[in-house]
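Take a look at the structure set out below.
All of the numbers you see were taken from the coordinates with simple rules; none came from a lab. Note that the structure is a prediction, hence the values are computed from the model and not measured. Here the Cβ positions follow ideal geometry from the backbone for every residue, glycine too, while neighbour counts run over all protein chains shown.
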Amino acid sequence: MSKRDLALRVGGAAGDGVSSTAESFAKISARSGLHTWTYSSYQSVIRGGHVWTQVRGGLDPLLSHGDDPDVVLCLNQQTMDVHQADVLEGGAIIYDVDSVKPDPTKIRKNVRLIGISLRKKAQTLSPNALMRNTVALGAAVALFAMDFRHVESAFKDIWGDKKPEIVQQNVAAARLGGDAVKDLGGPLPLGLAYPNQAKYLMTGNEAVCLGALAAGVKFLAQYPMTPASSILHWMASHGPKYGVVVKQVEDELAAMNMAVGAGFAGVRSMTATSGGGFCLMVEAIGQAGMTETPLVAVLVQRSGPSTGLPTKTEQGDLNLALGAGQGDWPRAILAPRHPEECFSLTAKAFNLAEIYQTPIIVISDLYLGEGYRTVDKLDFNVPIVRGMMAADGGTAKDFKRYEITESGVSPRALPGTKGYQFIGATDEHMESGELISDVLAGLPEFVEERRKMHEKRMRKLDGLRKDSPPPEMWGSRNADLTLINWGSTWGAAHEAILQVEEKEGMKVNSLEFPTIFPFHVDEAQKLLRGVKQSLAVEGNYTGQFARLLRAETGYKPDHFYGRYDGEPFASRDIADKILEVVA
Amino acid sequence: MKAAFEMDTYKSEIKPTWCPGCGDFAVLRALQTAVHTLQLEPWNILVVSGIGCSSNLPHFLSTYGFHAIHGRALPVAEGAKLANPELNVIVTGGDGDGYGIGLGHFIHAMRRNFDITYVVMNNQIYGLTTGQASPTSEKGMKTKSTPIEGVIENPIDPISLALASGATYVARGFSGDVKTMAELVKGGIEHKGFALIDCLSPCVTYNKVNTYDFFRERVYDLAKEGHDPSDMKAAFAKATEWPMVQRDRIPLGLFYRNKEMPTYEDLEISLRKGPPVRQPLGVEDPEELLAEFL
């Protein structure tokens, strides 16, 4: 049976061009018609250290970046030392034969050593040897027997039409690598028939940006923080064309407060950050809850606590999102599993934010936010629902911005609308917006007024629950085991399930929660009724979601598998855990 | 011709809850006078404040208002101004709000030169939390939080800070002279760019040092002494007189005005199509946008 997927791992020091080489290969893979998935393991350093990216391509939809690669591309000795033992039988290692030495005792049998004078070959085209990566990339493309025209088109994307000579030089460099492979035994006999029908390739963060644009975002304020910064970068270069004001501001306090101001003034407004920045935003996001101001906050998690591992993934900020801000205020927390949901749930978040006039949190993580995946064509025809506006039907006379209603939603007026002037106050207030907090607090009538106003706000949770996506059960009915997971863990969970079903004949399914909050208690309980045994899988130590599940439903997962070493879940580890708990 | 707005048009039905004699009454009056003189439409004014006695001010006006959290009025106002640059955005608050907890935002708002008017009621004390030291409290002043030997820090000088940070309209008013203060606020609203009007607004309950009489004995009018507000060096020289150098003479009036500097809104690429709040939502040609991902 011929293989149906391939994986290339590119490694080197930061500054060697690992990520650009891998991104080019990901593009080539997607344009070859392969479903593509990347994972970058990098460090908090600009030059030096050890970084690597794995690009997996497959004829069938992928669920992870895979385990061991077919080919490792070593841009330095350390990459050889660290990764040579991982190369699959029948695979190959590409390296600079003049500076990097393999250790045959560590390499699996039938692995081909593709030693090429990468630097020297690059220097035949340009004295500075910058293109040695390109020579190596050409070798990888030749080993996988991919079409070289995708190489040229990928380079055109990078350098554009403005620098055709650089594109041509790099194509020539890639050809040198390809020719070297011919002399060293030709392509690997993988037998992959490439469809050569290009697929869309993007990161989760880019999909968030596209979802925001589709929903009509007009304002993004952000402070740089890995792994959310690429949202700022992408929007800064693309946003203005769509009328989006994109601002890097002094800190995350300003970012959230500006988003609040923009939302109050009537545009669809957002901010994005990681855990540390979100910590700084919590007072201001509560302000939006109290003043009933719509906005979307994207929280791209990385390893904590504190500065933690800035370039590593985790799902450890769920409690932070659930508990952000003093007091109770209505929020929704949406957790996309893949880029398609980064798009659709971000777009949905803008509608929920305006319909319910409250902040909506979209929580993803480094693995999903920064990894490239091929996606189905995104449908930009998303509905845009702006919620209840005062001027639509009401009259300005005696306008009550915070009118107590059954749904908890009150008519909204935007500054500039004649006659509807009101104050949005962070103090507790009456229906008009007038304060209860200073001279009225504690008077019997206003004790009652406060209770009613608080209940009005919190009633919005009912609508948010109704309008947000419910939990889903994926896989076999009557499974022996159910994996309980959320967010980016989805892929590795499904892949592990397919592995144990194929190899062990077990029946396992997966219970997933695109909406974390408000918790869909009834739907979850319905789905949990058929669960025989469960394993909660999430990227943190305490089982933050498992605890929420127990608090909301009384259901305690039988087993817990937490990962908090900075690496994303690998399907084989989940499969091992499944075998362990079921045995 | 449009019917003129009466002065009362700008007043809400809510009566101020400040202590009798509070300097903030004068600032409220000055602000109402300024917007009345300019005949601004109340619904096109957004007054944003933070937290503190003075930050209750928006409630006493009939304009749109946002009563934000402590220290964050400026970034809220900046976001609103970017969303709808046609609004007249005025920020009000106290010295603790703007020069203490919100100081970082203050500097950054000024270096951006937003077309925003910032009116600070500076009483050199924390009033609403019942009398602790503020960033502008005089050195040596005994307060609830500095009861033994008084404040040992140097006070912040908002005027010098504003000049150094890029504000293009920098003035100081005094609640003992509402007429001049109203002129300064009016000038700030008319000015295209960031206007700071630092208002010496005595706290009659918790600050027994910097009283109306303390200021009356010391203040003088910059204009009367021939100060040229287009001269930044001269502005710095005047700014540093008090509290940095001495406490006998306190300059009031317009320190500095730069009419040439473009505003943030002038330079922001995404505002060239018009106010974002009125732009169509969504993406007209997704194919074009998606092409780069294929």
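Once you have the alpha carbon radius of gyration of segment B:47-177, what is it after dividing by 2.2 N^0.38 Å, with N set to its residue count?
Values: Rg = 14.9 Å, N = 131, 2.2 N^0.38 = 14.0 Å.
The reported ratio for this selection is 1.06.
Measuring from centroid to centroid over Cα atoms, what is the spacing of segment A:341-361 and segment A:315-332 in Å?
Each part's Cα centre sits 16 Å from the other's.
List nothing, just return the count: lysine pairs in segment A:388-469, 8 or more apart or interchain, with Cα separation under 18 Å.
7
Amide H to amide H, which residues 5 or more places from B:Cys53 or on other chains are under 5 Å from it, using H placed in the peptide plane?
B:Gly127, B:Leu128
Exposure proxy check: A:Arg451, B:Arg249, A:Arg302 ranked by fewest other beta carbons within 10 Å? Show your work: numbers first, answer last.
Values: A:Arg451 10, B:Arg249 13, A:Arg302 27.
Ranking A:Arg451, B:Arg249, A:Arg302 by Cβ neighbours within 10 Å, fewest first, gives A:Arg451, B:Arg249, A:Arg302.
With angles folded into 0 to 90 degrees, how steeply does helix A:18-31 sit against the dominant principal axis of chain A? Use alpha carbons for both and round to 10.
Rounded to the nearest ten degrees, it is 90.
By how many degrees, 0 to 90 and rounded to 10, does the Cα axis of helix A:489-504 deviate from the longest principal axis of chain A?
So the helix axis and the longest Cα principal axis differ by about 60 degrees.
Based on DSSP H runs of at least 4 residues, each adding -39500 (n - 2.57), what is the mean residue ellipticity at 222 nm of chain A after dividing by all its residues, to the nearest 500 deg cm²/dmol?
Taken over chain A, the calculation gives -12000 deg cm²/dmol.
Karplus couplings for segment B:114-128 from phi (6.51 cos²θ - 1.76 cosθ + 1.60, θ = phi - 60°), rounded to Hz, Gly and Pro as x?
So the Karplus estimates, Gly and Pro as x, are 4, 7, 10, 9, 10, 9, 9, 8, 9, 10, 6, 7, 8, x, 5 Hz.
Where the centre of each part is set by its Cα atoms, how far does segment A:513-583 sit from segment A:153-182, in angstrom?
47
Report, as a whole number in µm² per second, the diffusion coefficient that Stokes-Einstein gives for segment A:5-198 at 20 °C and 1.002 mPa s using the Kirkwood radius over alpha carbon pairs. Don't skip to the answer; put the middle values down first.
On the way: Rh = 16.3 Å.
Calculated translational D: 131 µm²/s.
In whole Hz, what ³J(HN,Hα) sequence does segment B:32-38 give by Karplus (6.51, -1.76, 1.60; θ = phi - 60°), x for Gly and Pro?
4, 4, 4, 5, 5, 4, 7
Aspartates and glutamates within cross-link reach of A:Lys120: Cα-Cα under 15 Å, excluding same-chain residues under 8 positions apart?
Candidates past the 8-residue exclusion: A:Asp96, A:Asp98, A:Asp179.
Which FRET efficiency value, to the nearest 0.05, is calculated for A:Val45 and A:Glu455 with the Förster distance at 56 angstrom and r the Cβ-Cβ distance?
Given R0 = 56 Å and the Cβ-Cβ separation, E is 0.60.
If you bin every alpha carbon distance in segment A:472-582 into 5 Å steps from zero, what whole percent lands in each bin?
Histogramming segment A:472-582 at 5 Å steps yields 2, 13, 26, 27, 19, 10, 3, 0 percent.
Return the sequence-ordered ³J(HN,Hα) values of segment A:360-370 in whole Hz as given by the Karplus equation 6.51 cos²θ - 1.76 cosθ + 1.60 applied to θ = phi - 60°, using x for Gly and Pro.
Along segment A:360-370, the couplings run 10, 9, 9, 10, 10, 8, 4, 4, 7, x, 9 Hz.
Can you list the lysines whose alpha carbon sits under 21 Å from that of A:Lys377, skipping same-chain ones fewer than 8 residues off?
A:Lys27, A:Lys199, A:Lys348
Can you give the angle from 0 to 90° between the axis of helix A:252-265 and the longest principal axis of chain A, with both taken from C-alpha atoms, to the nearest 10?
60
What order do you get for A:His494, A:His50 when you list them from fewest to most C-beta neighbours inside 10 Å?
On the way: A:His494 24, A:His50 20.
So the residues, fewest neighbours to most, are A:His50, A:His494.
So, how do all the Cα-to-Cα distances of segment A:202-375 break down into 5 Å bins, in percent, from 0 on up?
Answer for segment A:202-375: a P(r) of 2, 10, 21, 25, 23, 13, 5, 1, 0 percent.
Considering just Cα atoms, how many Å³ per residue does the convex hull of segment B:1-120 enclose?
99
For A:His429, what residues show an amide H to amide H distance below 5 Å, using hydrogens built from the backbone and excluding near sequence neighbours?
For A:His429, the qualifying residues are A:Ile436.
Express the Stokes-Einstein translational diffusion coefficient of segment A:388-469 in µm² s⁻¹, to the nearest whole number, given a Kirkwood radius over alpha-carbon pairs, 20 °C and a viscosity of 1.002 mPa s. Could you put the intermediate results ahead of the total?
On the way: Rh = 13.7 Å.
Result for D is 157 µm²/s.
Based on the Kirkwood radius over alpha-carbon pairs, what is the Stokes-Einstein translational diffusion coefficient of chain A at 4 °C with 1.567 mPa s viscosity, in µm²/s?
Translational diffusion coefficient: 51 µm²/s.
Once you compute Rg and the Kirkwood Rh from C-alpha atoms, what is the Rg to Rh ratio for segment B:7-268? Intermediate results must be reported in sequence, preceding the final value.
Details: Rg = 16.9 Å, Rh = 18.0 Å.
Ratio of gyration radius to Kirkwood radius for segment B:7-268: 0.94.
Which lysines have a Cα less than 25 Å from the Cα of A:Lys577, not counting those fewer than 8 places away in the same chain?
A:Lys312, A:Lys503, A:Lys507, A:Lys532, A:Lys556
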